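Novice: Quick one: the structure is below, questions incoming.
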Amino acid sequence: MPFHILVAACLAYVIVLFLVAFLAERRARRGRLGFLQSPLIYTLSLSIYCTAWTFYGAVGYAARSGLEFLTIYFGPTLVFIGWWWLLRKLVRIGRQYRVTSIADLISARFGKSNLLGVIVTVMVVIATTPYIALQLQSVVLSFGVFASETPDGVLPPDAEQTAVWVAVGLALFTILFGTRNLDANEQHHGIVTAIAVEAVVKLVALLAVGAFVVWGVAGGIGETIAKIDAANLSAWQMEPGRWTGLIFLSAAAVICLPRMFQVMVVENANEGHLARASWAFPLYLMLMSLFIVPIAVIGLERLPVGSNPDMFVLTLPLAEGQGGLAMLAFLGGFSSATSMVIVEAIALATMVSNHLVMPLWLRFSRAGARGDDLRGVVLMARRVGIVGVLGLGYAYYHFSGGSAALAAIGLIAFLGVAQVLPVLIGGIFWRGATRVGAVAGLLTGFVIWGYTSFLPSFGPGAVLSTSVFSEGAFGLAWLRPHALFGTVGLDPMIHALFWSMALNATAFFLGSVLTFPGPVERLQGAAFVNVFEGQIGPRRWAHGQAEPEELLVMSQRILGEDAALALFQAAAKAQGKAGFLPDTTPEFLGALEARLSGSVGAATAHAMLSQLVGRATVTVEELMAVASESAQIMEYSAQLESKQEELTRTAGALREANDKLMQLSIQKDAFLSQISHELRTPMTSIRAFSEILTEGGLDPETVVKYGGIIHDEAKRLTRLLDDLLDLSVLENGTVQLNLTLTNLHEMIDKALIAARQTRPERSFEIDRDPVAENVYLLTDADRLTQVFINLIANARKYCCSDHPQLRIAVRLRGGRVIVDFVDNGLGIPKDAQALIFEKFARLTDGNRAGGAGLGLAICREIMANLGGTISYLPGQGGAAFRVTVPIRLEKQAA
Amino acid sequence: MRRLKRPMFLARAPYRRRRLRDAARLLPVFGAALLILPLLWADEGAERRLSSSDVIYFFALWCLLIVVAALFAPGLRSGEAAGDETD
């Protein structure tokens, strides 16, 4: 193919891209985002994961190492189908805190530390420079393929010149669309749309070549499969270490690569797009790798031995005489390379300007935040960054000679950026991660990567001398770059992966565990880790003394006049003020900082606002003071609360005591009125009859009768007084117990005889168990007998059965004797059972009983004195009382 | 920091959403296991391993993972809109 047609096609393609980017940009500026923010564009823009390394290199990889090339796509597939774990949180954090790059994320997470931003930026720039060189190299190689094909009239430029031209062209394009303006969200619609177009081009190109190879050359699917089986691809064996290691590595890289972070997190317009991309992006990867194996197999079969397998995608159609298809394939490869370089350059330039240039400029420019047009400075920093990044890539290409196989460089770059992974994951899932730990982990990983993977990639004798390879640095054998700590026999890639990640994660962990994070770090850590719990971002600003006007001037310099005025007007309106100058409330300052950090990064935005708000910034110490003050207040209120609780408890106890006293007083009153009533009734009849007797003139019979009544009543009085006296003695516990060893049987006998005087006219059937009663008790026999008498007499009095029976049952239970007195009467109604042991409690009228109602009360007191109990036993068919008494009453201090 | 009190039991729809999330979390784990599985296949004395059956296995598995992820995605997204976060 004539070389100048090739160049013309390239130029035409680039012009189309320019047009697409320009139109998209214009559309976005008019606010008609529409499809520009669709999930389709988002997914397609993610395809910059597939660089020229995929487009050309995968075939070469498959030709050299069989199916191992698939690992590079399996990792991202796993990460995306598992988006709910990690990517969702990453995107949410990126959107909520307006993260501009992976360096910005890490710097913001660890207390807006610019040191971390610098470390990550430098690491990532060093790691991705070879990768950019790789893209230049692939474009140069593909040019070379066509040039060698047909030398005609126009002399193709040499490889060096091509590389220069490609680099310059890419830099121009990137600067034009990547740094046109400083967007608040740092989103580049023009570029993203162009990238999406390029994604389609490379997919179509690779599928076209694949389809041609399968159906055009091999002759169908069946034949292709047969050829794959027959192919003598190099003796590839599935090495477990490399297989799993590379899947892990590619999974790490898809998260940490700056260009992937740029399109995945920074350019993300809607979190919902991630859900779509979770399957659409793996689908894209699958389609991209679908025909890699057939192309490799057929290429090895058809093309002469010794041809570069990295270029099979181009050389196979050319060898088959398909010039047009080769052209398409060339454009596909060109797209892969350019899209990657453009986005990578933007991402790196953003980091360089936000973390290297701006802090330096802020420090050394005398005017600081009040200086001249900051927008210009930021944009210029980015442009210089883009040129610098591409320049570095070119330099690497120039000095490395572009000889190494594509895949090797790609993996080294992957491993370099993967060093960010532990800090990134730890930072967003573990609140305990600290800045010191992050620095330690990053530096450790970076140094080991450099020593075991990056520097050796230049070959023995280039950077590291041959002796270092064979004998280790400083002659220490355990420091050999490919056998660190004596681990011989590992694949160099897996060796580097294992040691760098393991020591990186260890240093990060130990550093975090052993140090104490600063307050800002802790606030940021909590905000990032708990990003789904709503915005708990720290308030960093107090009411500032900064004039809103100064803030407006500064914001204009970063955001642009219109955007800044709109922001301030909206804020003023929200505060209920007209005009453009809101009060500098903490809320407003926080919102302003978030907005500014979208343009210049969190650390820089914080530093700039601090310059203006000046000493009014809440310092960390103030913050801590406020915190401890409020902690004191909380403690004080907790104390008050506990005191109040105590008071409530005391009041409750007092109320209870008062209630008891009241009850006692009522009881006492009731007792007194009962007593007077009981005393009054006999007294009345005594007085009446004695008056009648004193008047005289009565016949002797009547005198005898009246005298008998008076005598009876006096006896009753005496008995009542005796009972009262007895009760009071018992209640006071001053009773003298006369302990003797007595047989229970005798006591019951005595009681039955004594009780017979009560209603002697009734004949009772007594049911006893003489054997069981034969128990000797050490107790006050008289008192116990008194209780028995009382119970038996009660039964005689109240049992209303026609054939009254009384059953006396005796049992021994654990050192106590239980005596039950059960009659066959009606028993005692349930509601009265609680009352019968109270003083003067009589259930029926006194006319049947004649007692004062003190009997059971006395019984209860006696039993208490004897160390036993008396209780009513319900459900026995009649009135039933149970007396429980210890067999041996231990002599107390009675 | 005090967390919002969450209900202990859920209605049917949120319950299903949570289980869908569990499934979505496990999907990459299963995927990884199945991708590593061929390592255990004994290659009987074969010097080279690139055979068409391997290729077909990997691409079939890949398609399966994509389809399952595609089936999960709408449910997961609607759950997010409903706003009941679990973590």
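Novice: Could you say which residue among A:ARG431, A:ARG480 is under 25 Å from the mean Cα position of the chain (by Cα) and among the charged types (D, E, K, R)?
Specialist: Going through A:ARG431, A:ARG480 in turn, the sole match is A:ARG431.
Novice: Does A:THR43 satisfy being more than 37 Å from the chain's Cα centre (by Cα) and more than 11 Å from chain B (Cβ to nearest Cβ)?
Specialist: Against the criterion (more than 37 Å from the chain's Cα centre (by Cα) and more than 11 Å from chain B (Cβ to nearest Cβ)), A:THR43 does not qualify.
Novice: For region A:341-355, state whether one or more residues are away from every other protein chain (no Cβ under 14 Å), over 27 Å from A:GLN37 (Cβ atoms) and touching a Gly at 6+ places or on another chain (Cβ under 7 Å).
Specialist: Yes; the residues of region A:341-355 include at least one that is away from every other protein chain (no Cβ under 14 Å), over 27 Å from A:GLN37 (Cβ atoms) and touching a Gly at 6+ places or on another chain (Cβ under 7 Å).
Novice: Just checking, which of A:LEU443, A:LEU497, A:LEU476, A:LEU424 is farther than 26 Å from A:LEU87 by Cα and either of a type in the set (A, V, I, L, M, F, W, C) or assigned by TED's automatic domain parsing to the domain that holds A:ILE247 (or both)?
Specialist: Being farther than 26 Å from A:LEU87 by Cα and either of a type in the set (A, V, I, L, M, F, W, C) or assigned by TED's automatic domain parsing to the domain that holds A:ILE247 (or both) holds for just one of A:LEU443, A:LEU497, A:LEU476, A:LEU424, which is A:LEU476.
Novice: Give A:PHE69, A:PHE80, A:PHE22, A:PHE74 a once-over and let me know the one that is surrounded by fewer than 23 Cβ atoms within 10 Å (Cβ to Cβ), touching a residue at least 40 places away in the same chain (Cβ under 8 Å), in contact with a Phe, Trp or Tyr (Cβ under 9 Å, 6 or more places away or on another chain) and of a type in the set (A, V, I, L, M, F, W, C).
Specialist: Of A:PHE69, A:PHE80, A:PHE22, A:PHE74, the one residue that is surrounded by fewer than 23 Cβ atoms within 10 Å (Cβ to Cβ), touching a residue at least 40 places away in the same chain (Cβ under 8 Å), in contact with a Phe, Trp or Tyr (Cβ under 9 Å, 6 or more places away or on another chain) and of a type in the set (A, V, I, L, M, F, W, C) is A:PHE22.
Novice: Out of A:GLY697, A:GLY708, which single residue is outside the structural domain of A:LEU854 (by TED's automatic domain parsing) and surrounded by 11 or more Cβ atoms within 10 Å (Cβ to Cβ)?
Specialist: Within the list A:GLY697, A:GLY708, the selection yields A:GLY708.
Novice: Here are A:PHE281, A:PHE248: which of them is in the same structural domain as A:ALA345 (by TED's automatic domain parsing), in contact (Cβ under 8 Å) with a residue 40 or more places away in the chain, crowded, with 22+ Cβ neighbours inside 10 Å and hydrophobic (A, V, I, L, M, F, W, C)?
Specialist: Just one listed residue meets the conditions, A:PHE281.
Novice: In this structure, is A:PHE261 of a type outside the set (S, T, N, Q) and under 28 Å from the mean Cα position of the chain (by Cα)?
Specialist: So A:PHE261 passes the test.
Novice: Show the residue pairs meeting these rules: Cβ distance below 6 Å; 6+ apart or different chains; first residue within region A:443-465 and outside any helix (DSSP H, G or I); second residue of a type in the set (Val, Ile, Thr).
Specialist: Qualifying pairs under 6 Å: A:PRO460/A:THR466.
Novice: Restricting the search to region A:680-691, which residues are surrounded by 15 or more Cβ atoms within 10 Å (Cβ to Cβ) and either assigned by TED's automatic domain parsing to the domain that holds A:GLY853 or among the hydrophobic types (A, V, I, L, M, F, W, C) (or both)?
Specialist: Residues satisfying the conditions are A:ILE686, A:PHE689.
Novice: Can A:THR785 be described as surrounded by 18 or more Cβ atoms within 10 Å (Cβ to Cβ) and not in a strand (DSSP E or B)?
Specialist: Judged against the criteria, A:THR785 is a match.
Novice: In addition: Based on this model, can you work out whether A:LEU826 counts as in contact (Cβ under 8 Å) with a residue 60 or more places away in the chain, within 15 Å of A:GLN876 (Cβ to Cβ) and touching a Phe, Trp or Tyr at 6+ places or on another chain (Cβ under 9 Å)?
Specialist: Taking the combined requirement at face value, the residue does not satisfy it.
Novice: Which residue, of A:THR758, A:THR734, is under 21 Å from A:ALA857 (Cα atoms) and surrounded by fewer than 16 Cβ atoms within 10 Å (Cβ to Cβ)?
Specialist: None of the others qualify; the one that does is A:THR734.
Novice: Among the residues of region A:240-254, count how many are under 19 Å from A:GLY426 (Cβ atoms) and either modelled with pLDDT under 90 or within 13 Å of chain B (Cβ to nearest Cβ) (or both). First the steps, then the outcome.
Specialist: Quick first cut of region A:240-254, residues under 19 Å from A:GLY426 (Cβ atoms) only: A:248-249, A:251-254.
After this cut, where a residue has to be either modelled with pLDDT under 90 or within 13 Å of chain B (Cβ to nearest Cβ) (or both) as well, the list is A:248, A:251, A:254.
Within region A:240-254, residues that are under 19 Å from A:GLY426 (Cβ atoms) and either modelled with pLDDT under 90 or within 13 Å of chain B (Cβ to nearest Cβ) (or both) number 3.
Novice: Could I ask something else about it? So how many residues does region A:763-817 have that are on the phi > 0 side of the Ramachandran plot and free of Cβ contacts under 8 Å to residues at least 12 places away in the same chain?
Specialist: Counting residues in region A:763-817 that are on the phi > 0 side of the Ramachandran plot and free of Cβ contacts under 8 Å to residues at least 12 places away in the same chain gives 1.
The rows are residues; the columns are (1) touching a residue at least 40 places away in the same chain (Cβ under 8 Å); (2) among the polar types (S, T, N, Q); (3) in a helix (DSSP H, G or I); (4) within 13 Å of chain B (Cβ to nearest Cβ).
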| residue | (1), (2), (3), (4) |
| --- | --- |
| A:GLN262 | yes, yes, yes, no |
| A:VAL265 | yes, no, yes, no |
| A:MET288 | yes, no, yes, yes |
| A:VAL293 | yes, no, yes, yes |
| A:ALA296 | yes, no, yes, yes |
| A:SER307 | no, yes, no, no |
| A:THR315 | yes, yes, yes, no |
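Novice: Kindly state which helices (runs of 4 or more DSSP H) lie completely within region A:61-126 and contain at least 3 residues that are within 14 Å of chain B (Cβ to nearest Cβ) and of a type in the set (Lys, Arg).
Specialist: Correct list: A:87-96.
The values are calculated or read from the model by the stated rules, or taken from the named source; none is laboratory data. All values derive from a computational prediction rather than experimental measurement. Neighbour counts are summed over all protein chains in view; Cβ atoms, including those assigned to glycine, are modelled from backbone coordinates with ideal geometry.
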